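The values are calculated or read from the model by the stated rules, or taken from the named source; none is laboratory data. Please read all numbers here as calculations on a predicted model, not as lab measurements. Cβ sites come from the backbone with ideal geometry, for glycine too, and all protein chains shown count toward neighbours. The area values use the complete protein model at the heavy-atom level, side chains included, leaving out ligands, DNA and RNA. Shrake-Rupley method; radii C 1.70, N 1.55, O 1.52, S 1.80 Å.
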Amino acid sequence: MAEHYWDPELDTLPWDQVLEWQRARLPEFVEGLRERSIFHAGQLAGVSTDRLGESWGSIPFVEKAQLRELQQSGDGPLLGAAQGVPDAELVQVLASSGTTGSPTFFGLTERDRRNWEFSIANMFFTAGVRQSSVVALAVAMPLVAGGLPYGDAIRRIGATLAWVGGQTPARMAQMIKRLKVDTMVSTASFATFFAERSAEVLGHPASELSLRTMIGGGEPGLAQPEIRNRVAQEWGADRVSETMGLGDVMSGLWGECAEAGGMHYTGARNVLVELIDPDDGRPVAWEPGAMGEAVYTTFTREATPVVRFRSRDHLRIEATCCPCGRTSPRVRCVGRTDDMLIYKAMNVFPSAIRDVVLDDYAALLPGPMRIRKERVDQVRFDRPIPLEIELDVRGADAETVKRGIEDAVRQKLRVQVAVEFGAPGTIPLAEYKNSLVYVKEA
Ligand SMILES: [Zn+2]
């Protein structure tokens, strides 16, 4: 069993029993947390731990904005009123990369650090890392959630960690070659950017290196078959695994097995996951095809615990069983609440628009595409959403392709886009994450 699963007990226990196993740990966690943190004493006021199952759904959700505000006041514990231990027990502080202004910080005690190491190791093990692997970690900063905790988890498996992130692409490419790296952990955008740079530096395609497993997270792109195939081809990889986590909860929570049909839940031993309807907060059942927002409770966490934390990640359940024998549902992240756009009265994720375009036209589109906003805070569009796409015009009638894309998006998503073509190379490739949305310079 140990060869196949990182955590054989929970990885193969029927999913409803995993949830039961987790719920059994909640009363003690809730009781203790009320004593340890002023903020949680408020959030959990009036909750009866005798009948926690019944009252769980009435515990208010917590949002990232609340936690950020608590920290910004600067009063009380180092990491704000939601901190659950005295400052001296913190062994590490991590920062969210954060898209809006100042970062949020979270902390780990030594026990938290070991729990993270175990569960994030499960994510990487599920995604294909083994003791024999030589793993290049392309993340540049130890302080971010995908930094030191990822390095720790890769070493926990016993794999050889080659932390190449933070070097110039040229040096990284040379190190990957010299160290015979077979696995890389990065974002999908970086994998593509870096494949091109490596080829330039080494004088041969990146596919001639020894990389065979590409592991990527941090953006939903790798779920798209076209992007997945492109990454696999550029690197000559025979396995591309998607992973997902979030710093406020645990930086590795989901990992994709060799079946390549969605991510398994790998955080079960430390974090409870619920699926809710983002509009009314009601629970959504774990059934194939269901969609919902993930809500997390970190029931072993000491330093900066969260109870019913709204992730704003919208998941779609691809399957509730898997030939690999893991019993957790398999999911894809379809988008984040923060990315949602509104065309007239319809909600749409930029990634959904991209997926429709790539489904039919990938062969004609050599580069990235992007949606143009007038202002940073623009969410609503009353006119068709401007979509800039690079088109390889050879052999293609631009007007026909434009109309085809616009029709496909309207039929499948019930929103309208206005396609604008540019020549290959006109949309800049980001080094870290390619954003699907950009703001037009005034
Ligand atoms: Zn599986």
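Laid out as a table, the results:
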{"quantity": "Where the chain is the region considered: accessible area per residue in Å², 1.4 Å probe", "calculated": "45 Å²"}
{"quantity": "Phi to ³J(HN,Hα) by Karplus 6.51 cos²θ - 1.76 cosθ + 1.60 over the range 109-122, Hz, x for Gly, Pro", "calculated": "8, 4, 5, 4, 4, 5, 5, 4, 4, 5, 6, 5, 4, 4"}
{"quantity": "Whole-number percent relative contact order across the range 1-160, with pairs defined as alpha carbons under 8 Å at least 6 apart", "calculated": "17 percent"}
{"quantity": "Vicinal HN-Hα couplings computed from phi for the range 180-194 (Karplus, 6.51 cos²θ - 1.76 cosθ + 1.60; Hz; Gly/Pro x)", "calculated": "6, 5, 10, 9, 10, 10, 7, 8, 4, 4, 5, 4, 6, 4, 6"}
{"quantity": "Charge tally in the Cβ shell below 9 Å around Pro350, where Lys, Arg are +1 and Asp, Glu are -1, Pro350 excluded", "calculated": "+1"}
{"quantity": "Residue-averaged [θ]222 nm for the chain, counting only DSSP H segments that reach four residues, each worth -39500 (n - 2.57)", "calculated": "-9000 deg cm²/dmol"}
{"quantity": "Sequence-distant residues sharing a close amide H with Val240 (under 5 Å, placed H)", "calculated": "Met214"}
{"quantity": "Rh by Kirkwood over Cα pairs, then Stokes-Einstein D for the range 340-439 at 1.567 mPa s and 4 °C, µm²/s", "calculated": "94 µm²/s"}
{"quantity": "Listed residue (Pro77, Ser132, Ala319) projecting farthest to the positive dipole end of the chain, Cβ model", "calculated": "Ser132"}
{"quantity": "Scaled radius of gyration (Cα, divided by 2.2 N^0.38 Å) that the range 1-132 gives", "calculated": "1.25"}
{"quantity": "Computed magnitude of the charge dipole of the range 95-226 (debye, nearest 20; Cβ of K, R +1, Cβ of D, E -1)", "calculated": "440 debye"}
{"quantity": "Among Ala173, Trp235, Gly292 - extreme Cα towards positive end, dipole of the chain, charges at beta-carbon", "calculated": "Ala173"}
{"quantity": "Degrees separating the helix 148-157 axis from the principal Cα axis of the chain, which is the longest one", "calculated": "80 degrees"}
{"quantity": "Fraction of antiparallel bridges per DSSP, the range 149-274 only, in percent to nearest 5", "calculated": "45 percent"}
{"quantity": "Only Lys, Arg (+1) and Asp, Glu (-1) charged, at Cβ; the range 44-83 dipole about Cα centre in debye", "calculated": "100 debye"}
{"quantity": "Cα-Cα P(r), the chain, percent of pairs per 10 Å interval", "calculated": "4, 20, 29, 27, 15, 4, 0"}
{"quantity": "About the Cα centre, charge dipole magnitude for the chain (Lys/Arg +1, Asp/Glu -1 at Cβ), debye", "calculated": "560 debye"}
{"quantity": "Gap separating the Cα centres of the range 188-265 and the range 63-122, nearest whole Å", "calculated": "28 Å"}
{"quantity": "DSSP-defined antiparallel bridges as percent of all bridges, the chain, nearest 5", "calculated": "55 percent"}
{"quantity": "Trypsin sites (Lys or Arg not before Pro) within the range 331-432, DSSP loop, no more than 16 other Cβ atoms inside 10 Å", "calculated": "Lys344, Arg375, Arg394, Arg414"}
{"quantity": "Charge-dipole axis of the chain as Lys and Arg at +1 and Asp and Glu at -1 on Cβ define it, positive-most pick from Leu246, Pro428, Asn115", "calculated": "Pro428"}
{"quantity": "Val139 long-range amide H proximity, modeled H, under 5 Å", "calculated": "Gly165"}
{"quantity": "Arg312 long-range amide H proximity, modeled H, under 5 Å", "calculated": "Ala294"}
{"quantity": "Accessible carbon and sulfur surface of the chain relative to its total accessible area, %, 1.4 Å", "calculated": "51 percent"}
{"quantity": "Sparsely packed trypsin sites (Lys or Arg not before Pro) within the range 1-45, loop by DSSP, other Cβ within 10 Å at most 15", "calculated": "Arg25"}
{"quantity": "Nonlocal Lys pairs with alpha-carbon distance under 20 Å, the chain (8 or more apart, or different chains)", "calculated": "6"}
